[in-house]
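Reading through the structure tokens given below for one structure.
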Amino acid sequence: EHGWFWFIPLSDGATSVGAVCSPQYMKSRKADPRQFLLETIALCPALAERLRDASLVSPVTATGNYSYMAERSSGRNYLLLGDAFAFVDPVFSSGVLLAMQSALVGAETIETCLDRPREARGALRTFDASTRHGLRMFSWFIYRVMTPALIRLLMNPTQYFRLQPAILSVLAGDIFRGTPLGLRLSIFKTLYYLVSLSNPRRSLTAWKTRKKVIHEPSAETTTAQSPSQ
């Protein structure tokens, strides 16, 4: 109800467990981060059952809104790759994809700048456009993932206009190969706004909450590690 959990097995046998929550919920915290994380886990019976016999192997930590974007992706003798340029919420695990894609295009950009200096400006524009394209594609969903309208659409997928395959393609990272997704994504976004208009009060509340989260770095993420089950 207040956000979402991650549950990631690690190679050393531990499991990383974290909760990403709304600022309103985090402001209700009266206990220390450890106790608050345990109380939050208890709100999710499926996760609580998985962690029933687990024990903490590291301290619980909390941090505020950590998304950011630099004003420019390149400058004199440098390019910003991956998280050096921007970081968005990892709800769709897009960070490694965006980092590797920016490195791939970045390597081609550097080669052009060194071997064909006259084409450097165009190559840098292409690099910047590619970097921002990936962030734009994912962040539209990320910033709306907890809105009533998007939850309704994702939980009730439709095959009309092949919208479900289009959304799955985006979330799987197929956004750089020229896959023809533009029209279907436009239809999906239109449906999103229509569904939002069908319940204006809830949609307005969700919009205000999203704006507050974006502009006020008061949201927190609590994380811990426990032995894998």
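Okay, here's what the table says:
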| item | result |
| --- | --- |
| Spin-label pair TRP140/LEU194, simplified geometry with 7 Å Cα→Cβ offset, distance in nm | 1.6 |
| Contour excess over end-to-end distance, with Cα ends at ALA120 and SER16 and 0.36 nm allotted per residue | 33.2 nm |
| Spin-label zone in the stretch 54-70 - amide nitrogen under 16 Å from a point set 7 Å from the Cα of VAL91 along the C-beta vector | 65-68 |
| Residue-span extension gain [GLU49 to GLN24] - 0.36 nm each, minus C-alpha spacing | 6.4 nm |
| For the chain, convex hull volume per residue from C-alpha positions, Å³ | 162 |
| The stretch 1-105: trypsin sites (Lys or Arg not before Pro) in DSSP loop, at most 14 other beta carbons within 10 Å | LYS27, LYS30, ARG52, ARG72, ARG76 |
| Nearest-0.05 FRET efficiency for ILE151 and ALA103, computed from C-beta distance (R0 41 Å) | 0.75 |
| Apportionment of accessible area to carbon and sulfur, the stretch 111-181, percent (1.4 Å) | 57 |
| Per residue accessible area of the chain, 1.4 Å probe, in Å² | 62 |
| Protection-proxy order for peptides 165-171, 195-201, each taking the mean of Cβ atoms within 10 Å per residue, highest first | 165-171, 195-201 |
| Aspartates and glutamates with Cα under 19 Å of LYS30, excluding same-chain neighbours fewer than 8 positions away | GLU1, GLU39, GLU220 |
| Of all accessible heavy-atom area on the stretch 1-104, the percent that carbon and sulfur account for (1.4 Å) | 56 |
| Integer Hz, Karplus 6.51/-1.76/1.60 couplings in order for the stretch 7-15, x for Gly and Pro | 8, 10, x, 10, 5, 8, x, 8, 10 |
| Spatially proximal aspartates and glutamates relative to LYS208 (Cα-Cα < 13 Å; intrachain offsets below 8 disregarded) | GLU216 |
| Simple label model, 7 Å out from Cα along Cβ direction - ARG132 to THR158, nm | 3.2 |
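The values are calculated or read from the model by the stated rules, or taken from the named source; none is laboratory data. Worth saying up front: this structure is predicted, and the values here are computed from it rather than measured. Reconstructed Cβ throughout: ideal geometry from the backbone, glycine too, with neighbour counts over all protein chains shown. Remember, those area values only see protein heavy atoms, side chains included, never the ligands or the DNA or RNA. Shrake-Rupley method; radii C 1.70, N 1.55, O 1.52, S 1.80 Å.
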